[in-house]
1. Could you grab me the full set of residues in the range 627-682 that are in contact with a Ser or Thr (Cβ under 8 Å, 6 or more places away or on another chain), surrounded by fewer than 19 Cβ atoms within 10 Å (Cβ to Cβ) and not in a strand (DSSP E or B)?
2. Of everything in the range 339-352 that's of a type outside the set (Phe, Trp, Tyr) and surrounded by 21 or more Cβ atoms within 10 Å (Cβ to Cβ), which residue is nearest to the chain's Cα centre (by Cα)?
3. Considering only the range 80-101, I want to know if a residue exists there that is under 23 Å from Leu545 (Cβ atoms), in contact with a Leu (Cβ under 6 Å, 6 or more places away or on another chain) and not β-branched (Val, Ile, Thr).
4. Does Val264 satisfy the condition of being in contact with a Ser or Thr (Cβ under 8 Å, 6 or more places away or on another chain) and not in a loop (DSSP other than H, G, I, E, B)?
5. So which of Pro71, Pro76, Pro50 ends up being outside the structural domain of Thr542 (by TED's automatic domain parsing), at pLDDT 75 or above and assigned to a loop (DSSP other than H, G, I, E, B)?
6. Quick check on this structure: which one of Val225, Val307 is out of contact with any strand residue (DSSP E or B) (no Cβ under 9 Å at 6 or more places or on another chain) and either in a strand (DSSP E or B) or crowded, with 23+ Cβ neighbours inside 10 Å (or both)?
7. Taking the condition without any contact (Cβ under 8 Å) to a residue 40 or more places away in the chain and among the small types (Gly, Ala, Ser), does Ala316 pass?
Amino acid sequence: MARGEAGTGLAVRSAAALAAVARPGDLARGIGTWTARRLAEEAAQRRLFPWLAVAFGAGILLVFAGADGPPAPAAPLVVAGLSAAAAIGLRARPASRAGALGLCAFLCGFSAAAYRIGDVAAPVLARTLVAPLAGFVEGLDEREEGARLVVRVVRLGDLPAGERPERVRVSYRKAAPLRPGDFIEAKARLLPPPEPARPGGYDFARDAYFRGIGAVGSLLGAIAVREPPAPPPLSLRVAAAIDDARNALTRRITDANGGQAGAVAAALVTGKRGLIDGPTNDSLRAAGIYHVVSISGLHMVLAAGVVFWLARALLALVPGLALFWPIKKIAAGLGMAGVTGYCVFSGWDIAAERSLIMTLIMLGAILVDRPALSLRNLALAALIALAREPEGLLGPSFQMSFAAVAGLVACARLLDGRLFAAPGAGPLGRALAWVAGTLVGTLATTLVAQVATAPFATYHFQNIQPFGVVGNALTLPLVSVVVMPAAVLGMLAYPFALDRPVWWTMGLAVRGMLDISAWIAGFDHAVVIVPAFGAGALGLLTAALLLLTLPSPRLRVLGVLPALVGVALAARAERPDLYVDREGAGAALRGADGRLASLGRPPAFGLEQWLRADGDARPRGDPSLARAERCDAVGCVATARNGWRVALVRDKRAFEADCARADIVIARATAPPGCAARLVLDRAFLAAHGATTVRFAPEGPVVTTARRPGGQPAWRPPAPPLPAPAPAPEAEEAEREP
């Protein structure tokens, strides 16, 4: 009887649920009620604050993704103030209040990005220029041959002040005795900062704009050091003095060790990576530990931790201080001062600055007796970093560093090593438990960080390091126990000229790190190249990461669905069949075998980016890349796998025949008005749209461009019309970032 009543009750409830589904209004009210309850619970647990940082970032994204020009920050700020006022009046309604605060944060992010775009506005070179350059050396990065300079421009040919870039980045091959702060004169060949080599690719022009760099290129001939026409400003003198000190310490560390161990050791301390050669960079990347040589969160945390530990240990040796003074807070304050000095000396790079903000907030929490490692502190660090530099949200450094910390904080209880605690055990048992906990904790921490950062690393770099967990597990103990403590001790001993033995000791650990990375790089499939996927898949994976880390544990299951959909979209990303250079000098076409082959003379850097985005591990010099084209003096012709004929025009005389017979015409010149090809990608089209890809779909060609039609971001000035196309520039050196 009871069983029958239970069955009847279940049937009634099921019928009621089905009826609710059949009535959309009831279903919507049910979802709204559930959402309001969950928001109230999250607010009661003080878990909604991190979502303000998410809303702030969403406002920034809208500016960069949707605005055709620099928007005004005033209007959204007014609406943000109204939203904040509404939130004050909605204290009794948690869900509505949360919505008002989220809207306020969203509009504040929009305003911050809009203000930043206008605040850093400076002239950007619009065309290739060869002219005399005069200016102050603001920064100098030594390389194996020559150096790369950042020059604050005083004169550039006959360009007026309204068209003259404030800073240019130039390289030169032959070493010259230059120092930061020198006033130099030389002939320079300058280009506009390069735009993406493919739609969705790395936009160096945008990054250069926010760094104040309006042109890139090289110095030609002799470089003369002159007396400046006027004293440099204080900001330049300070920047040059710091950079000169960094270069001096870099040379001292390399001299103490020699070879690549010295170059890597110097990069770990000063952030100067120019002396690290290509094979060493490749092996570090293959082992998944390249982040070690980039001054970022790991270095800031370890530097602050070493100073904090040393200060607390020394203070604890004095009984009076240990008993009556808050030595933990004093050590935290000294750690904050030490890590700030380290950030200034290492160049105050954008990634280092964001890591500094995060580290200062964590140490500051100790001063006010709050938990140092929490999602609220992480969100506060993100808000401060994004308010200072909203453009950082678009780069891999910000995305990967905050994703890794969010994953580690969310999994902190699983990584604290309590599983291996051995209460009541003897010394040997406790030692074994500590070793096991440390080993498993290191592996688990590395795995969590790698999983959390995988979507962003794959999106930006199109590769996966399957053995990165092994590389990090083997090298991070060396970095934590030997390298970073030696770096701190070496910098303390440097003013007394007692640092050479410290650098030598540090170099031994770095050699071990390089040996480990070279060993892992020798594994089969140490680096797996994967095809590029779109922003939609990245957005879903980002939403999944947020839902898996920010809410209470019982709500984190909500992140599973966007994670699965995002992975499916990323795995099924459709690859273009044709890549076209932004200047029309070359292209890459997919052949009948499904692989790309070059057409014409595409820039080496662009071809490398196309292959990587296609999931193709071939180097750019592979002979098989040139197998599909038939070329003569006036152009090249190739056949796509769908049978379409693609012609690349080198000389205007080829237009008549190619426009009549080819389906797609690519040209650096402007095609005649009567060109009968189905798709014409000529000079006029590419100047307006930038690098272009074409996918041959059954319904017709799908064209994607790097520039949005009609959009004119501040970092992409309109190119002036030229009477004839210039020779194809060799822009690889200008485009490649260290």
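1. At the first step, the residues of the range 627-682 found to be in contact with a Ser or Thr (Cβ under 8 Å, 6 or more places away or on another chain) are 628-629, 645-646, 681-682.
If we keep only those that are surrounded by fewer than 19 Cβ atoms within 10 Å (Cβ to Cβ) too, we end up with 645.
If the condition is that a residue be in contact with a Ser or Thr (Cβ under 8 Å, 6 or more places away or on another chain), surrounded by fewer than 19 Cβ atoms within 10 Å (Cβ to Cβ) and not in a strand (DSSP E or B), then no residue fits.
2. So the residue we want is Ala351.
3. Let us first name the residues in the range 80-101 that are under 23 Å from Leu545 (Cβ atoms), namely 98-99, 101.
Subset that is in contact with a Leu (Cβ under 6 Å, 6 or more places away or on another chain): 98.
From what's left, not β-branched (Val, Ile, Thr): 98.
Checked against the condition, which is being under 23 Å from Leu545 (Cβ atoms), in contact with a Leu (Cβ under 6 Å, 6 or more places away or on another chain) and not β-branched (Val, Ile, Thr), the range 80-101 yields at least one hit.
4. On the way: in contact with a Ser or Thr (Cβ under 8 Å, 6 or more places away or on another chain): yes; not in a loop (DSSP other than H, G, I, E, B): yes.
Answer is yes for this residue.
5. Pro71
6. Val307
7. On the way: without any contact (Cβ under 8 Å) to a residue 40 or more places away in the chain: yes; among the small types (Gly, Ala, Ser): yes.
The answer is yes for Ala316.
Each row is one residue, and each column tells you yes or no for (1) more than 26 Å from the chain's Cα centre (by Cα); (2) closer than 25 Å to Val634 by Cβ; (3) assigned by TED's automatic domain parsing to the domain that holds Arg645; (4) among the β-branched types (Val, Ile, Thr).
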| residue | (1), (2), (3), (4) |
| --- | --- |
| Val567 | no, no, no, yes |
| Gly586 | yes, yes, yes, no |
| Leu589 | yes, yes, yes, no |
| Asp593 | yes, no, yes, no |
| Gly600 | yes, yes, yes, no |
| Phe605 | no, no, yes, no |
| Leu611 | no, no, yes, no |
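The values are calculated or read from the model by the stated rules, or taken from the named source; none is laboratory data. Fair warning: this is a prediction, and the values are worked out from it, not measured in the lab. When we count neighbours, we look across all protein chains shown, and the Cβ atoms used for this are built from the backbone with ideal geometry, even at glycine.
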